[in-house]
1. Scan around VAL286 for amide H atoms under 5 Å from its own, H built in the peptide plane at 1.01 Å from N, and keep only partners 5 or more places away or cross-chain.
2. By a straight-distance test (C-alpha under 20 Å), which lysines pair with LYS42 as possible cross-link partners, with residues fewer than eight away in the same chain excluded?
3. Along the range 156-168, what does the Karplus equation 6.51 cos²θ - 1.76 cosθ + 1.60 (θ = phi - 60°) give for ³J(HN,Hα), rounded to whole Hz, x for Gly and Pro?
4. Please give the FRET efficiency for TRP44 paired with GLU221, using the beta carbon to beta carbon distance and R0 = 41 Å, rounded to the nearest 0.05.
5. Give me the one-decimal nm value for the distance between modelled label points at GLU295 and SER256, 7 Å along each residue's Cα-to-Cβ direction.
6. Residue by residue through the range 55-67, which ³J(HN,Hα) values in whole Hz follow from phi under the Karplus form 6.51 cos²θ - 1.76 cosθ + 1.60 (θ = phi - 60°), with glycine and proline marked x?
7. Sort 43-52, 74-83, 176-185, 140-149 by the packing proxy (mean of other Cβ within 10 Å over each peptide's residues), most packed first.
8. Among 87-100, 188-201, what's the highest-first ranking by average C-beta atoms within 10 angstrom per residue?
Amino acid sequence: MIRFSENHSLKAHNTFGVDAKAKYFFECTDPVDLQVFFTENKSWREERLIVLGEGSNILFLNDFDGLIIHPNVPGIKTVNEDRNNYWIEVGAGEIWDEFVEFCVNYNLGGIENLSLIPGTVGAAPVQNIGAYGQEVCNVVEKVKGYDIEKQQLSEYKVDECRFAYRDSIFKSYLKNKFIITSVIFRLEKFPEFNLKYGQLEQKVNEKGAPTLQTIRDAVIEIRSSKLPDVNKLGNAGSFFKNPVVDAEIAEKLKQSFDTVPVYVAPNGKVKLAAGWLIDQAGWKGVRKGAVGVHEDQALVLVNYGGATGKEIFDFSEKIKQSVLEKFGVELIREVNCI
């Protein structure tokens, strides 16, 4: 199935609920449709282009004067199996949390800690989504899609994806050049549980013995208590990344702010809690017009109704400046601002 339209409303395609429009909008459910579209209509490659899933990590500052590609490819199928693992190929258009639920129901481990993260499967490797000690890069085997410049269907093995903290080759070098149509995941038949992040272990123990289901239930409970439902209050989850700094910077911060949460990061770095920094800078629960910081989670900016993307962006700029002045730490947006 393909759909093409002009002056297309994007309000239902971004979880902030910003009422922006796209000059052109193309949706497809088969990877071959992309190949046909770009081969037979070469002029479209000259348009400014964005690949859009559910819009759970995007903020439109104004209308988009270009082409939106929405790869709504469905399907979940097993492509390989051995004694310890299943390899599952999942269409880019599948809802991420529904795929997590599928894996838990079939006792396939590796993504249970990533429950309730909004968005589609196709967006998961772009952002290298992560939560509670798990990152999607640890289970991705291969990413398949359409290369606009090469004009062909291509694939990237996990070691070619350049995964890093909330980053990948699809977010940098291949941004809007490679349209993900499916992802192959390697899931464990005999999973090893990861419960060492935050309050997860305590919540799981309250629900009984650790299983994929009790872990998923615990994660959902924790996230639901902290994060607003995008169907009720416009937001994009965590608006800022947790900043990764040199150990010396973190040590100096601890001398002045002894309660600052710190976590070990790769390469001798230290990860700081962006939500704590924003809270301590006095922004938690602050509201200006239709934009605000969520009252329960300082890392989440919300649209209370009718806010423009520019208003949300300007509000985030004030938060960034405030944190920089108080702590000397620069916050980086996790949300992609267009």
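Taken together, the values in this text are just the output of simple stated rules run on the coordinates, not laboratory data. Bear in mind the structure is a predicted one, so any value in this text is a computation, not a measurement. FYI the Cβ positions are ideal-geometry reconstructions off the backbone, even for glycines, and counts take in every protein chain you see.
1. VAL293
2. Within the straight-line limit of under 20 Å, LYS42 reaches these lysines: LYS23, LYS150, LYS175, LYS177.
3. With coefficients 6.51, -1.76 and 1.60, one gets 10, 6, 4, 6, 9, 7, 6, 5, 8, 4, 6, 8, 6 Hz.
4. E(calc), rounded to 0.05, equals 0.35.
5. Between GLU295 and SER256, the simple spin-label model gives 3.2 nm.
6. Karplus values, whole Hz, x for Gly and Pro: x, 7, 9, 9, 10, 8, 6, 6, 4, 9, 8, x, 10.
7. My ranking of the peptides, most packed first, is 176-185, 140-149, 43-52, 74-83.
8. Answer by packing, highest mean first, reads 87-100, 188-201.
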